[in-house]
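The values are calculated or read from the model by the stated rules, or taken from the named source; none is laboratory data. Values in this document were obtained by computation on a predicted structure and should not be read as measured data. Please note: Cβ atoms are built from the backbone with ideal geometry, for glycine as well, and neighbour counts cover all protein chains shown. Only protein heavy atoms, including side chains, enter the accessible area calculation; ligands, DNA and RNA are left aside. Shrake-Rupley method; radii C 1.70, N 1.55, O 1.52, S 1.80 Å.
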Amino acid sequence: MKRILGGSLLSLVLAVLSLTACDKKDSADAPKAADSSKPVFTVLATTDLKDAQPLEEMVEKATSVRLRFVWGGTMESTEAVLSGSTPAHAAWFANAKYLLSDPQGQARVKLQEKIMLSPIAVGLNQTAAKQLGWDDPATAAKVGWREITQAASQGKLRYALSNPATSNQGFMALMGVVAAASQKSEALTAADVNRAAIAGFLKGYKLPGDNSTYLTEKFLEQQGNNPSQVNAFINYESWLLSLNNGSKLREKLVLVYPHEGVATADYPFMLLKDDRRDDYLKVVAYLKGADAQKWLARQTLRRPINAEVAAIVADLLPKEGMRIELPFSPDRALADGLIDAYLNEFRRPIASTFVLDTSGSMDGHGRRAQLIQALHYVAGADSSLTGRLAKLTNREKVWMLPFSDQPWRMTYFEIPTGRPQAKGVQVQEDSEAKQAVLAEVRAYADGLRMTGGTALYDSVLAALKHMLEQKQKNPNYQYSVVAFTDGENTKGRSLEQFQQAYAALPEDVRGIPVFMVLFGEAKEADLKALVQTTGGKVFDARKTPLYAVFKDIRAYQ
């Protein structure tokens, strides 16, 4: 690609920069004073790279480039680059295969250089590994995606994994299963997808989430070896090794690397704005140099791309970690079809209750309009990449529970099942029946009227009881509560009374998270206490558009 600087040319540039640095070693070693008059070099980075934030200061000291990271989720960052809406000068993702499978993405990226490596691995509880016989290194070396899929489909492997539709780790794990099951060494197509393999693998998917930090919190809570607990975590090797180095796991994890090959994050650092090319080259030269590479290996347990440094730090990382790289197809139809099929056919279907504050305070400051917009977007009115991923999916069950002085009557919507594919995967257009239900949801939102006080805890409790009742009737759904409020609780139960009532509910309710949206004058401490009781997460919509927060929540359901 002419817009991507050829590897040899860029290597030459980097070599010149490195030699220049060597020639001036004395001056380079001395910390350089920060020059606040220089423009910031902004890098849009995915949140899985937050452990690399100290590089801001290191880069500035070594190169005088005022590097600053701006964090984003995988898909929202990909969309920002694709659309050209990000003002960032560069982007840094775990991998950019999805971005660069799109001609528009290729056009946005002017240069790219791989910085480090981390393969996808399966981290199993020691007990689970022993039960499967995978604690023996000789046996583990023969475990492939087929054995992993078989264990998942039989209930022996119950894993945590980032959402394949919105995260690099989840998508690359799914691609690993697809690539291994296809038994093709050439680039795959959407028609090559083995549907049975995907369905079997996803039977073991018990703990979804949008990012590794959230998943780790939940994994630590739910890690165990009985059938209701998760016994494995699929993630990048660096994340799993860091967990093993900590003290919070109930059992250490045994890392298994599928023998046919793995998908590896190669962390491409990508130039987006050509007018900052010089700064980009300086930063890349530093990141690929010995100091940064050693720091990345020792502090983040990612593998150096610099071969000399890799040899120096080899004892830090498992020797069996680097396998053959599974083929990745540049066919965008495969990626889009796989994500669409995951959401609408293969994943455990979603059942949720949306608890909606319709108190009088929602009538002011454009709040009612924001709530209606957010519900419209979830119901298909947002055609952007992230909007399509957040849309209600086939087979999904939704109850709307408005509340003010008390919880009011629930309204139920069910998204119909789509047309099953006989072979492979492809993006399916919404059926007329689905479009009709989505239109009903939008019409429902338009009809919301705001009046009265705020009986938040009574309403969340009613939603949890309802989800619990539904779960007992049909355990094959992924249940959650999404609760939204713009003010403090003024009616009904207090927080303490809610906690007492929650404690009296059957144990099954513990598996139903509450995703709480903080908006307007809502009391943050109270919402955090509520979520600490129920499990889930608080999303702050005070400085972020409400519709964007609703889209974020969809990745956790």
Once the piece of chain linking ALA290 and TRP71 is laid out straight, how much longer is it, given 0.36 nm per residue of separation minus the C-alpha distance between them? 76.3 nm
Place +1 on the Cβ of every Lys and Arg and -1 on the Cβ of every Asp and Glu in the chain, take the dipole about the Cα centre, and give the residue among TYR159, GLY452, ASN194 whose Cα lies farthest towards its positive end. ASN194
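If the chain between ASP136 and ARG332 were fully stretched, how many nm would it gain, using 0.36 nm times the residue separation less the Cα-Cα distance?
Full extension from ASP136 to ARG332 adds 66.7 nm.
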With the full set of protein chains in place, find how many percent of the accessible area of the range 445-542 is carbon and sulfur; take the probe as 1.4 Å. 44
Calculate what fraction, in whole %, of the accessible area of the range 333-431 sits on carbon and sulfur atoms when a 1.4 Å probe is rolled over the protein chains. 49
Taking r as the C-beta separation of GLN435 and LYS473 and R0 as 25 Å, the FRET efficiency to the nearest 0.05 is 0.35
Charge context of PRO416, other residues only, Cβ under 15 angstrom, K/R +1, D/E -1: -2
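Using a Förster distance of 51 Å, how high is the FRET efficiency between GLU251 and LYS38, based on the Cβ-Cβ distance and rounded to 0.05?
0.55
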Treating cross-link reach as a plain straight distance, find the lysines whose alpha-carbon is under 20 Å from the alpha-carbon of LYS38, omitting any fewer than eight places away in the same chain. LYS61, LYS273, LYS282
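Could you please report the charge total around ASN306, scoring K, R as +1 and D, E as -1 over all other residues with beta-carbon less than 14 angstrom from its beta-carbon? It would help to have the intermediate numbers written out before the result.
Values: positive: LYS114, LYS288, LYS294, ARG298, ARG302, ARG303; negative: GLU113, ASP266, ASP291, GLU308.
Local net charge: +2.
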Could you tell me how far the Cα centroid of the range 505-557 sits from the Cα centroid of the range 180-208, in Å? 33
Excluding ligands and nucleic acids, what accessible area in Å² is computed for GLU521 using a 1.4 Å probe, to the nearest 10? 110
Sulfur and carbon atoms: percent of accessible area, the range 62-151 [1.4 Å]: 50
The chain - accessible surface per residue (Å², probe 1.4 Å): 42
Heads up, I need the accessible area for TYR214: 1.4 angstrom probe, whole protein in place, Å², nearest 10. 10
Rank-order 133-140, 43-50 by packing density, defined as the average count of other C-beta atoms within 10 Å over each peptide's residues, highest first. 43-50, 133-140
Give the residue list of trypsin sites (Lys or Arg not before Pro) in the range 466-557 that are DSSP loop and have at most 12 other beta-carbon atoms within 10 angstrom. LYS543
Among residues other than SER361 whose Cβ falls under 11 Å from its Cβ, what is the net charge (Lys/Arg +1, Asp/Glu -1)? -3
With labels modelled as points extended 7 Å from the Cα through the Cβ direction, what inter-label distance (nm, one decimal) is found for LYS50 paired with GLN500? 3.6
Starting from the exponent 0.38 and prefactor 2.2 Å, build the expected Rg for the range 119-163 from its residue count and divide its actual Cα Rg by it. 1.11
In whole angstrom, how far apart do the alpha carbon centroids of the range 363-399 and the range 472-487 sit? 16
Assigning unit charges at the beta carbon (Lys, Arg +1; Asp, Glu -1) and nothing else, what dipole magnitude in debye, to the nearest 20, does the chain show about its Cα centre? 480
So the FRET efficiency between SER384 and ALA107, C-beta based with R0 = 22 Å and rounded to 0.05, is 0.75
In whole Å, what are the Cα extents of the chain along the three principal axes, biggest one first? 74, 58, 47
Set of lysines near LYS391 by C-alpha distance (under 23 Å), chain-local residues within fewer than 8 positions excluded: LYS203, LYS206, LYS434, LYS471, LYS537, LYS543, LYS551
Inter-label distance for ALA199 and ARG277, nm, one decimal - labels placed 7 Å from Cα along Cα-to-Cβ: 5.3
